[in-house]
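Okay, so here's the structure we're looking at.
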Amino acid sequence: MSVDLFQSIDLYEQEDYIYMLQHLDSYPPQVECVEINKSTKEIRLIKKNSQLFKLEEKRIIFGVLGFLKLLKSFVAVVVTKRRLVGKILTSEIFSIEQIDIISCDNRKHETIATNDGEYLNLIHQHFSAPGFYFSYSYDLTRSLDRNLDCQRKATYSSLVEYNSKYLWNRHLLKRIIHVKEIYRYFLPIIWGYIGRHVDHMLDFNIHLISRRSNERVGTRYFVRGGDKEGNVVNYVETETIFICGLDAFSFIQVRGSIPLAWSQYPNLKYKPRILINPKANQIDLVKSHFARELEERRREIVINLTDDKGDEGCLSGCFSNALEKINFDSHKLCYFYFDFHKNCAKMRFDRVSLLLDKIEELRIQMGFFQFSLDNTNQKQNGQVVNRQFGAFRTNCIDCLDRTNVVQSAISWKTLMAMTQECRLLNDQNGKNVHQKMELVHKHLWADNADYLSIQYSGTPALKTDFTRHGVRTFRGLFEDGLNSAKRYLKSNFSDGTRQDALDLIVGNFDFDTQRPDVRPNSLKSPSSAILPIIFVCLFILLIGDIFLLSNSNKSRIVFGILQLWGMVSIVKYVTNNPEKYIDFPRLVVLESRDKFK
């Protein structure tokens, strides 16, 4: 089933209706269009006399992401600016650069902004993040092998045929997802990362695609672990695609949080304690997760990179104990533990090779997808040469930095195996080509790490100097320090708002069935900002006194001591009352911390 969506749409807004038509240089006498009734909210495909649109003012948009019911409004989210990322085979891939929100009510825009301004801001904030992609002719929610299989069948007939797990705007599309007649006006999107490199001289290109699951979403500290349905937070499928001449290859890995009931809510401390729910049936949670994984992947190699001491050690021990008790076939589910920080201490990230050596035989057995393309159009009438059997599932605590280092190393080994199949490195320029490919691969994976990290933690990834350059550097350590500080600030003081945006977009909070107890972004008492402001003022004064300090000026010394005492007192008070200062989400109530210990 191939994909064929409208690449641009004419949007006409009238007092009682909104019309969307495929953009054409000239319309036929009777033109098909999507009609949105502002009174009844009915969405249907009709035919109208094209002369009716001649005098109407129109906007050209590049697709509709869907509809959202807000507290007082009903709106459509549309793409108004796109950027061409590149092509996979012959299909163009775009990123979303700008969206707009169109009122589907009879109310004026000023009224909507007054009633639902906070929710409109959440939508804009969410889609301003990097990593939203779509294609008019390629299903980004599915891997290359699924796309090539589908292209030899009929064209898609509705949005239901996309993979709902990675269809990021699934909730926005829920009103029309089963309506076959109008699906070509709407854009299925993924959230993650797409990078590519094309070498025209050597006739090869490399793509890296990460697609984030929408089934358990959240920011770094507010959502951890798994649920009863087997979903885990920060679950991402990453696909390495290599196309050389008429040979197309694909290799898939996944990452995801440890599938236990655990939490790590922010509390103003740099590293909050990990809390494990003692009442949850952890074995059932792990079993549910891997049952789903094996149904999809057939085999899974689990790589756990957490520390063996402290809170991470306790969580890791609980995970390994649960895996021992779920009684899955050891040929289908294999577990490897590798304490990344211990084995790669003192910036020896090259020691990841110790892990790679252990899993090498399994990697070879797993293989990769290989397809021989047809010479005429690089799509149809080709044949499958090989299929990947299973996948590596890697996790650390955040499934970001350590995970990315290991996944990039596994991907590189597999990419080299792909080049052997197409004999790309066998000529006299093999060494130069190898070095060039290695550099390209490193940069793609480093960019992938940054995108996924920004989406989950709010900052670029750590340890990307090793991913990008192959060595750990002091500059990289310095940048990691800055990003760690930013993560601390964001997790405590802004991630609650990001969590609200996520919950609104994916439907964890749905105005069709729910009403918020507290509006998002509604400010707490202004007094909550007084102490931080006083702290900043005291800090600035203290720094000034240090530079101006004179041994003969005892009053200045006393004043400096009082400033320092005031700062310490403020820090102590704030840390003892974190709920007054942390930006907690407002739309969806967090699991009670009373469940955990």
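The values are calculated or read from the model by the stated rules, or taken from the named source; none is laboratory data. No experiment lies behind these values; they were computed from the predicted model shown. When we count neighbours, we look across all protein chains shown, and the Cβ atoms used for this are built from the backbone with ideal geometry, even at glycine.
Test SER39 against the criterion of being surrounded by 13 or more Cβ atoms within 10 Å (Cβ to Cβ) and either among the small types (Gly, Ala, Ser) or free of Cβ contacts under 8 Å to residues at least 60 places away in the same chain (or both), and give yes or no.
Working: surrounded by 13 or more Cβ atoms within 10 Å (Cβ to Cβ): no; either among the small types (Gly, Ala, Ser) or free of Cβ contacts under 8 Å to residues at least 60 places away in the same chain (or both): yes.
Considered against the rule, which asks whether it is surrounded by 13 or more Cβ atoms within 10 Å (Cβ to Cβ) and either among the small types (Gly, Ala, Ser) or free of Cβ contacts under 8 Å to residues at least 60 places away in the same chain (or both), SER39 comes out as no.
What is the residue count in region 47-73 for residues that are under 26 Å from ILE123 (Cα atoms) and without any contact (Cβ under 8 Å) to a residue 12 or more places away in the chain?
Here the count works out to 0.
Which numbered condition in (1) in contact with a Cys (Cβ under 7 Å, 6 or more places away or on another chain); (2) free of Cβ contacts under 8 Å to residues at least 60 places away in the same chain is the only one that ALA446 fails?
Going through (1) in contact with a Cys (Cβ under 7 Å, 6 or more places away or on another chain); (2) free of Cβ contacts under 8 Å to residues at least 60 places away in the same chain one by one, ALA446 breaks only (1).
A quick yes/no check of all residues on (1) among the aliphatic types (A, V, I, L, M); (2) touching a strand residue (DSSP E or B) at 6+ places or on another chain (Cβ under 7 Å):
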{"residue": "ARG59", "(1), (2)": "no, yes"}
{"residue": "GLU92", "(1), (2)": "no, yes"}
{"residue": "ALA113", "(1), (2)": "yes, no"}
{"residue": "LEU144", "(1), (2)": "yes, yes"}
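Among the candidates ARG498, ARG475, single out the residue that is at pLDDT 80 or above, crowded, with 18+ Cβ neighbours inside 10 Å and not in a loop (DSSP other than H, G, I, E, B). If you could, list the steps in order and put the result at the bottom.
Values: ARG475 fails: crowded, with 18+ Cβ neighbours inside 10 Å.
ARG498 is the lone residue from the list that is at pLDDT 80 or above, crowded, with 18+ Cβ neighbours inside 10 Å and not in a loop (DSSP other than H, G, I, E, B).
Any chance you could count how many residues in region 330-359 are under 28 Å from VAL384 (Cβ atoms) and surrounded by 13 or more Cβ atoms within 10 Å (Cβ to Cβ)?
Matching residues across region 330-359 total 5.
Given the condition of a type in the set (A, V, I, L, M) and farther than 21 Å from GLN365 by Cβ, answer yes or no: does some residue in region 408-420 qualify? Walk me through how you get there before you give the answer.
We begin by selecting, within region 408-420, every residue of a type in the set (A, V, I, L, M); these are 409-410, 415-418.
Filter once more, keeping what is farther than 21 Å from GLN365 by Cβ: none.
Looking through region 408-420, none of the residues is of a type in the set (A, V, I, L, M) and farther than 21 Å from GLN365 by Cβ.
Out of all the residues in region 3-47, which are closer than 17 Å to ILE177 by Cα and not in a strand (DSSP E or B)?
Matches in region 3-47: VAL3, ASP4, LEU5, PHE6, LYS41, GLU42.
Evaluate region 453-468: report whether one residue or more is touching a strand residue (DSSP E or B) at 6+ places or on another chain (Cβ under 8 Å) and among the hydrophobic types (A, V, I, L, M, F, W, C). Before you say what the answer is, go through the steps one by one.
The initial filter retains those residues of region 453-468 that are touching a strand residue (DSSP E or B) at 6+ places or on another chain (Cβ under 8 Å), namely 455.
With among the hydrophobic types (A, V, I, L, M, F, W, C) added as a condition, the list becomes none.
No, region 453-468 contains no residue that is touching a strand residue (DSSP E or B) at 6+ places or on another chain (Cβ under 8 Å) and among the hydrophobic types (A, V, I, L, M, F, W, C).
So for region 544-562 (the condition being more than 30 Å from VAL506 (Cβ to Cβ), modelled with pLDDT under 70 and assigned to a helix (DSSP H, G or I)), does at least one residue qualify? I'd like the intermediate steps shown before the answer.
Taking region 544-562 first, the residues more than 30 Å from VAL506 (Cβ to Cβ) are 544-562.
Those still in the list that are modelled with pLDDT under 70 too: 547-553.
Among the residues that remain, those that are also assigned to a helix (DSSP H, G or I) are: 547-548.
So far as region 544-562 goes, yes, one or more of its residues are more than 30 Å from VAL506 (Cβ to Cβ), modelled with pLDDT under 70 and assigned to a helix (DSSP H, G or I).
Looking only at residues in region 519-543 that are at pLDDT below 65 and of a type outside the set (S, T, N, Q), which one is surrounded by the most Cβ atoms within 10 Å (Cβ to Cβ)?
Of region 519-543, the ones at pLDDT below 65 are 521-528.
From what's left, of a type outside the set (S, T, N, Q): 523-524, 526.
Details: LEU523: 7, LYS524: 13, PRO526: 7.
By that ranking, first place goes to LYS524.
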